[in-house]
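Everything below concerns the one structure shown next.
None of the figures in this text is laboratory data; all of them are computed from the coordinates on show. Since this is a predicted model, take the numbers as computed values, not measurements. Here the Cβ positions follow ideal geometry from the backbone for every residue, glycine too, while neighbour counts run over all protein chains shown.
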Amino acid sequence: MFGWAQLSVFLMTAAAAESSVVLDQLRRQLKVCQVANRSDQIQSSGFQALDRLLPDGGLPSGCVVEWISQSDGLRTASLALSCAKNLLRRPGALAVVDAAHEFHPVSLSHLGIPLSRLLLIRPSGIDLTESNRSAPPGAMKSQTSVLLKETLWSLEQLARCAGISVVLAWIDRLSVTAQRRLQLAVEHSGATVFLMRPATALAQTSWADFRFHVQSTPNTGSSAQQLDVRLVRARNCVLQNGRMVLDIHDETGAVSEISELADPAASAVSAG
Amino acid sequence: MLCLRFLNWPIQRLQRSLPADSTDRIAVHSPLPDTGGAHTRNNAPTGNVSASRSESLQTQPADSAASGSDPGRSRPARGGRRRTKSRRISQQNAVRDLAFVRELFPVARSGTAIISASDAAWAAGIRPGLPLTEARSMASSVSGKPARRRQAAAAETIFTEWQPADDRDELLLMAELVRRFAPIIGMDDGPVPDSLLLDITGCGPLFGGELPLAEQLLKTLQQHRLHCRAAISDTVAAAWAFAHADGHFLQRTGPSQTRRSTSTSTEWDLPVVLIPPGQAEAWLHPLPLSAGRIPLQDSLLLNQLGISNLKQLLALPSDDLPSRLSEAAIRNLNLLRGTTEEIITAIPEAHPVKAVWTSEYPAGGIEEIRQVTAFLMPQIADQLQRRRVGAIRVRCQLKTEQGSVQKISAELLKPTQTEKELLDVLALKLETLLLPEPVASVTLLATVMPLPIARQRDLFNTDEHIRPAEELAMVLNRLSSRLGKQAVLLAEFSDSQLPEQRLQLSPVMHDQHQGSSDETERRLDLLVATDDCPDTAASDFNVPLRLLNIPEKLTLPQTDVPAGRLAWRETSSEISAVIGPQRMQTNWWDDTSVARDYFRVRTEAGSEFWIFRNLNDGLWYLHGTFE
């Protein structure tokens, strides 16, 4: 018996199917617009496994990437710089915003980046602006907040510059406004921004195009250090549980991928 | 380096005050015995010339200041104190000049001698070194053909006393005529100077090469009725030598009739000597000793020994010379050899690029000051464009109602004429300003440099003309202005093997006097270049990306190999793997004695640290983390 209930179910199903088609179409159109705005340049990260995780098979120009390190000493920045090496194939400098004044680029050339490409920005955190100096002593801004302000300002200036290919910075806290400004800046210039962030950032909102979480894998008896890199956010993508494992050789520092552990299905599916 | 010689400068200076078609003969003589030296002004006529003519020659430069039509002929509007000080220095130097002239011309020691003569005066037989009385009689009795006698009768001979201080002052003003050709212009610091020294390092490409630069320079000066010779070489001393190859101070005004074989100029009347880089010493060989700025006494001594040119002099063993020659001779010889660097003392600009705002209603806050600077900056940009130079630094002087002055300065990596760029860097500096009182006057001053080559803009494709190095220069200007020079750095490897001293960091915005625009371009090009990385030692891998400024002490057992639980800041974990040791030890003769055994340590949490054992005290320190 073909009743009204069945008819309504049929119509609802048809409507749902139609809406999903419309949504897909809208997604595609959005994607086309964004890709067109991004100077249509996709570059390999230098790691095939990582490229497979990424929706476009590489890092598009003009994007913000967050690298979240579970703890200190996990070679997360080295990993980011290894990816930066490929991005530096186009003209432009590598800018490092080093608010802590602890970045030591001796091993940069070992990662494949000439020291002559490095521009090091070290904000001092001393605010000499009139607004701060004219304030009453009790209301003086702390050095930390000034340092953060200067770091963000430098980061935005560098991200907006067409003469910079990659910007790398360590940022603990990042407001939504700052993230949006950063995003607009990279869309304007085509630069790639790598933000090195602590594990606490996982709980914070992100506007980054990609967010990677780097952890150490349990020791399997190998002499090499193993890193587990997970893609935990990809903008405009339906994200699945993508991960890769990297092996860093103790003596030579060579980074190799352990491909058999990567699940081909565990990747982000492009919205396009 | 370029040496620009104003041929027969005392005469040229005087001739500029006469009409262009004047046929008057001019002769300059040393001070009369009763005047007491060159530092006293004596405008009295001393020849068959009327008083009014002689005074007009002496006072012309001061009068021309009012007209201001010719920058080379007008005096700068300086403060009285500054003018007095400058005048005092000129007069001190003038005493030295007079001593040199008396040494050069024996007649001038006891009497009055001609020291310089115009072409017309030369034609009448008046020569430097001639006693004044004899020169006067020659001027009044010109012999020869009737036509020549008629011409001589129509012309006057002007005998005027030499004023070396005026010569020096006028020479300083000539620097304004050639300001756009070089960022640093100095004056020849020898006695009786007749040359300007231009540091044209890196400026050649802006004019299509060093030769076109020199030719444009001479053409500019010809338009001002100035006859000059330019010599370009690696060092100041060599450039000076080639510009004074035919002797010092005894030069006719007009162009030389015999062209030098070294000249590569394309025009006959533009005498330029351009010495290829690295070949200066070989080219110096045939020049006389006077071209090497060897003092007269030393030259006489060397002549007695049969040494008459620079080839013979340079061939002498340098160790033996100090005992035989004067200190000045040895210094100048070293300058010629290039073993000592000659610094050009820059002549300050007489007419700086400047814009001033004053008001009876003072500006109270930073926002108002910013608006004032936005009002003044177009004037600066306009002046820069008219002079065809770019600003490398903008200084802002703020004068309060009480008279106190605050100064800020914003620098740029590359010279620019762009108003927005200049305003950008100045606005960032203004933010750091504290204004205790309202400001009644704002002055903007620009330090200028030659502009880089302009590049063709594409009208339709906006992306094609984006040059990364130029974009980078702009952002570096902003960063250096806001954060300070010391915050924007470049890194280089140093010779030290100590990890904390392995890198040498230097500001991108270096002192303009230390580096040329070439060096700036080179640095920017290297930053954006896509060259491959040179091969490096694998040991670099063992140095972490994060190095603590001060190593932090760890509480580990004092064993040869680290073991146990590594606690650092908020983290604590058992050591699971150790790689090392790698010993680093400084030489015993170094200032700081360092002896360390470095280990790469991995904890169970997966973190990797760089720790060392200080061999002096046996304690463990954490020096970095592998990020």
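So how far apart, in nm, are the two label points at residue B:567 and residue B:591 if each is 7 Å from Cα heading toward Cβ?
For the pair residue B:567/residue B:591, the computed spacing is 3.7 nm.
Most exposed first by the Cβ proxy, i.e. fewest other Cβ within 10 Å, how do B:447, B:160, B:400 rank?
Working: B:447 20, B:160 24, B:400 16.
Listed from fewest to most nearby Cβ atoms, that is B:400, B:447, B:160.
Using a Förster radius of 25 Å, what is the FRET efficiency between residue B:324 and residue B:285 based on their Cβ-Cβ separation? Nearest 0.05, please.
On the way: r = 21 Å, r/R0 = 0.83.
Efficiency at R0 = 25 Å is approximately 0.75.
Taking 45 Å as R0, compute the FRET efficiency from the Cβ-Cβ separation of residue B:123 and residue B:341 and round it to 0.05. If you can, show how the numbers build up before the last one.
Working: r = 44 Å, r/R0 = 0.97.
With R0 = 45 Å, the Cβ-Cβ based efficiency is 0.55.
Enter the mean number of other protein chain beta carbons within 10 Å of the beta carbon of each residue in A:91-103, as an integer. Could the numbers behind the result be given before it?
Working: counts 10, 8, 11, 1, 6, 3, 1, 3, 0, 3, 4, 9, 5.
The mean count of partner-chain Cβ atoms within 10 Å per residue comes to 5.
Size of the stretch B:364-424 along its principal axes in angstrom, Cα-based, largest extent first?
Principal-axis extents of the Cα atoms in the stretch B:364-424, largest first: 37, 19, 18 Å.
Order by neighbour count: A:170, B:588, fewest other Cβ atoms within 10 Å first, most last. Walk me through the numbers before you get to the answer.
Values: A:170 22, B:588 6.
Sorted ascending by nearby Cβ count, the order is B:588, A:170.
Taking beta carbons within 10 Å but only from partner chains, what does the mean come to for residues B:543-551? Present the calculation step by step, with values, prior to reporting the outcome.
Working: counts 6, 8, 14, 9, 6, 4, 4, 0, 0.
Average per residue, whole number: 6.
Separation between the residue B:371 and residue B:297 pseudo-spin-labels, each 7 Å from Cα along Cα→Cβ, expressed in nm?
Those two pseudo-labels are separated by 6.8 nm.
Along Cα→Cβ, 7 Å out, is where each label goes; now give me the distance between the ones at residue A:41 and residue A:173 in nm to one decimal.
3.5 nm
Of the listed pairs A:149/B:407; A:149/B:414; B:354/B:414; A:85/A:149; B:219/B:420; B:399/B:420, which have alpha-carbon separations greater than 31 Å here? Working shown, then result.
Numbers: A:149/B:407 26 Å; A:149/B:414 27 Å; B:354/B:414 19 Å; A:85/A:149 28 Å; B:219/B:420 34 Å; B:399/B:420 24 Å.
The answer is B:219/B:420.
Could you tell me the calculated FRET efficiency between residue B:140 and residue B:95, based on Cβ-Cβ distance and R0 = 41 angstrom, to the nearest 0.05?
Values: r = 33 Å, r/R0 = 0.80.
So the FRET efficiency works out to roughly 0.80.
Check residue A:216: other-chain or 5+ apart residues with amide H under 5 Å from its amide H, H built from backbone geometry?
Amide H neighbours of residue A:216, under 5 Å, 5+ apart: A:228.
Is there a simple number for the mean count of other chain Cβ atoms within 10 Å of the Cβ of residues in B:485-497, and what is it?
On the way: counts 0, 2, 10, 7, 7, 6, 11, 3, 3, 0, 0, 0, 0.
For peptide B:485-497, the averaged partner shielding equals 4.
Using the Karplus curve 6.51 cos²θ - 1.76 cosθ + 1.60 with θ = phi - 60°, work out ³J(HN,Hα) for each residue of the stretch A:211-218 in order, rounded to whole Hz, and write x for Gly and Pro.
Whole-Hz 3J(HN,Hα) from phi for the stretch A:211-218: 9, 10, 10, 10, 10, 8, 7, x.
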